[in-house]
Amino acid sequence: MIALTLTQIAEIVGGRLADISAEQAARTTVTGTVEFDSRRITAGSLFLALPGARSDGHDHAASAVAAGAVAVLAARPVGVPAIVVEPVASDSRSGALEHDDAAGSGAAVLAALAKLAAAVAATLVAQGLTIVGITGSSGKTSTKDLIAAVLAPLGEVVAPPGSFNNELGHPWTVLRADENTDFLVLELSARHRGNIAALAAIAPPQVAVVLNVGTAHLGEFGSREAIAETKAELAQAVPASGVVILNVDDAAVAAMAAKTAARVVRVSRAAPTDVWAGPVALDELARPRFTLHAGRVETELQLGVSGDHQVGNALCAAAVALECGATPQQVAAALAGAGPVSQHRMHVTTRADGVTVIDDAYNANPDSMRAALQALAWIAHGEEPGTKRRSWAVLGEMAELGEDAISEHDRIGRLAVRLDVSRLVVVGVGRSMGAMHHGAVMEGSWGAQGDRGASTVPDADAALALLRAELRPGDVVLVKASNSAGLTPLADALTSDDAGDR
């Protein structure tokens with residue numbers, strides 16, 4: 001973050017000073033990072049006192065200051081130097097202020113964080129910072145990582161670790177930028193209409209990318225049309241002087257060209273557009289290679305990430321880099337060297353015993369689940385005839401699908417059979433997981449024995465026990481679910497078992 005005194009921060013967020021004099025506040029400067037985890041505090045930090053599921057950050061204020069924080073951004077005095085903001089109403093129906101309510105306190109601190117991030121972003125943009133925003137129902141984090149890679153040769157890049165894309169992670173990422181940052185790459189996610197517009201207002205992007213409109217969070221939005229309208233909020237936030245990059249292979253995204261005042265750059269994996277891909281081929285680990293077309297320039301390109309679905313992500317990243325001044329050759333070199341960065345997203349590891357683990361356990365929706373299963377099938381079948389390996393799809397729940405949960409899980413179970421996956425392991429209980437297992441059984445009349453079949457296990461521990469007992473050298477295993485299903489420890493354990501190099 002840029003250096004700011006406590007007095008300046010208090011003015012920006014509309015807070016009052018507590019347990020520090022006005023004179024001291026004017027002389028005390030935040031020179032480090034803004035952190036919500038007291039364990040990450042370093043000298044000069046500002047600590048955010050946020051209520052959590054297990055503990056309240058206000059209770060850790062003293063330890064944060066002892067660790068080097070110069071002050072705390074809080075919803076009440078905490079006995080150490082603090083900037084205190086008033087709790088907001090936590091019950092929108094009554095409008096009542098509940099000062100002792102954790103939700104109200106958290107909302108107050110988050111609102112203050114957003115104000116601080118907006119002020120810092122405005123200052124840095126005036127100094128030449130370029131902000132790139134990304135949204136889409138799937139692929140945001142992978143594309144964010146690719147964009148960071150292709151921009152790195154052009155200057156200093158700040159991008160969020162993992163999926164820091166909500167009302168906490170978004171402004172937190174903005175505040176990682178400072179005077180030395182040339183590019184700030186941000187993810188924007190939404191659970192309700194207006195979420196993306198609110199995030200974009202904190203750090204208005206000069207370059208925006210819309211990847212796709214799928215069915216993630218369908219239970220929250222109610223319809224794909226509502227999701228499309230929400231994703232379009234990013235395109236609408238870009239000024240006329242900016243650029244909006246649209247994946248026109250998705251008709252709902254292509255239609256957003258009419259909703260922005262900015263210049264539009266269209267990308268496609270097949271149709272000649274502004275940036276497009278020639279015929280796509282996959283190597284033995286499902287890493288795409290194709291010809292990148294940008295204007296009249298053609299460049300051969302090999303991706304370092306796995307999955308046919310990464311082509312669209314890479315094209316969007318290429319379009320961003322080209323708009324920011326990169327050459328097609330720089331883009332090709334950067335994408336070739338850009339492997340998976342964020343954890344548990346299409347990490348492909350081949351262990352010393354020959355077992356290949358596809359770790360895509362962080363998140364899942366119907367679109368990304370289909371893409372991951374297709375990558376599993378490709379890697380298992382191999383490029384040469386007669387080289388098919390035994391494949392395992394270890395799948396957990398796709399969350400937040402609302403009324404479509406049963407039918408979508410059923411479809412995934414059936415798809416596993418159609419893709420000739422050898423073994424399906426359904427992890428978890430409940431109607432959705434029962435539908436996935438039932439769909440597979442009905443599609444393929446599978447039993448639960450031998451080298452083909454569908455099994456159900458209650459949890460990740462049971463899945464790990466099954467896999468350790470039955471995996472054979474040369475097998476290929478996909479682990480995928482929404483993060484709430486808790487399969488990331490399973491993927492970690494599988495990868496570390498007799499692990500070797502990729």
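The values are calculated or read from the model by the stated rules, or taken from the named source; none is laboratory data. Just so it is clear, the structure is predicted and the values come from calculations on it, not from any experiment. Every residue, glycine as well, gets a Cβ built from its backbone with ideal geometry; the counts of neighbours run over all protein chains shown. In case anyone asks, the SASA skips ligands and DNA or RNA and just uses the protein heavy atoms, side chains included. Shrake-Rupley method; radii C 1.70, N 1.55, O 1.52, S 1.80 Å.
Being touching a Phe, Trp or Tyr at 6+ places or on another chain (Cβ under 7 Å), open to solvent by less than 50 Å² (accessible area, probe 1.4 Å) and not in a loop (DSSP other than H, G, I, E, B) narrows it down to one residue among Val265, Val311; which is it?
Exactly one residue qualifies, and that residue is Val311.
For Ala326, indicate whether it is open to solvent by less than 20 Å² (accessible area, probe 1.4 Å) and either within 24 Å of the chain's Cα centre (by Cα) or at pLDDT below 95 (or both).
So Ala326 fails the test.
Only one of these is crowded, with 21+ Cβ neighbours inside 10 Å, modelled with pLDDT under 95 and either in contact with an Asp or Glu (Cβ under 7 Å, 6 or more places away or on another chain) or not in a strand (DSSP E or B) (or both): Thr215, Thr173. Name it.
It is Thr215.
Of all residues being under 24 Å from Thr387 (Cα atoms) and free of Cβ contacts under 8 Å to residues at least 40 places away in the same chain in the stretch 293-308, which is most open to solvent (accessible area, probe 1.4 Å)? Just the residue, please.
Checking each candidate, the answer is Gln302.
Taking the conditions exactly as written (modelled with pLDDT of 95 or more, assigned to a loop (DSSP other than H, G, I, E, B) and more than 20 Å from Gln310 (Cα to Cα)), does Glu179 satisfy them or not?
Yes.
Among (1) open to solvent by 10 Å² or more (accessible area, probe 1.4 Å); (2) more than 28 Å from Leu494 (Cα to Cα); (3) of a type outside the set (A, V, I, L, M, F, W, C), which single condition is Gly337 missing?
(2)
Please specify each residue of the stretch 182-192 satisfying the condition of being open to solvent by less than 60 Å² (accessible area, probe 1.4 Å) and either free of Cβ contacts under 8 Å to residues at least 60 places away in the same chain or in a loop (DSSP other than H, G, I, E, B) (or both).
Passing the criteria: Val185, Leu186, Glu187, Leu188, Ser189, Ala190.
In the stretch 148-167, which residue that is part of a loop (DSSP other than H, G, I, E, B), in contact (Cβ under 8 Å) with a residue 60 or more places away in the chain and open to solvent by less than 40 Å² (accessible area, probe 1.4 Å) is nearest to Ala338 (Cα to Cα)?
Result: Gly162.
Condition first: touching a residue at least 60 places away in the same chain (Cβ under 8 Å), within 26 Å of Pro160 (Cβ to Cβ) and open to solvent by 50 Å² or more (accessible area, probe 1.4 Å). Can you find one or more residues in the stretch 34-41 that meet it?
So far as the stretch 34-41 goes, yes, one or more of its residues are touching a residue at least 60 places away in the same chain (Cβ under 8 Å), within 26 Å of Pro160 (Cβ to Cβ) and open to solvent by 50 Å² or more (accessible area, probe 1.4 Å).
Count, please, the residues in the stretch 14-44 that happen to be under 32 Å from the mean Cα position of the chain (by Cα) and over 19 Å from Asp178 (Cα atoms).
5
Across the stretch 366-394, what is the number of residues that are open to solvent by 10 Å² or more (accessible area, probe 1.4 Å), of a type in the set (S, T, N, Q) and within 26 Å of Ser432 (Cβ to Cβ)?
The number of residues fulfilling the criteria is 2.
Can you find a residue in the stretch 374-393 that is within 21 Å of the chain's Cα centre (by Cα) and β-branched (Val, Ile, Thr)?
No; the residues of the stretch 374-393 include none that is within 21 Å of the chain's Cα centre (by Cα) and β-branched (Val, Ile, Thr).
Considering each residue of the stretch 249-262, count those that are open to solvent by 40 Å² or more (accessible area, probe 1.4 Å), farther than 16 Å from Asp308 by Cα and either part of a loop (DSSP other than H, G, I, E, B) or among the hydroxyl-bearing types (Ser, Thr, Tyr) (or both), and give that number.
1
Of all residues in the stretch 278-292, count the ones that are within 11 Å of Val311 (Cβ to Cβ), without any contact (Cβ under 8 Å) to a residue 60 or more places away in the chain and not in a loop (DSSP other than H, G, I, E, B).
5
Name, by its number, the condition in (1) open to solvent by less than 20 Å² (accessible area, probe 1.4 Å); (2) farther than 30 Å from Glu225 by Cα; (3) over 24 Å from the mean Cα position of the chain (by Cα) that does not hold for Ala286.
Unmet for Ala286, out of (1) open to solvent by less than 20 Å² (accessible area, probe 1.4 Å); (2) farther than 30 Å from Glu225 by Cα; (3) over 24 Å from the mean Cα position of the chain (by Cα): (3).
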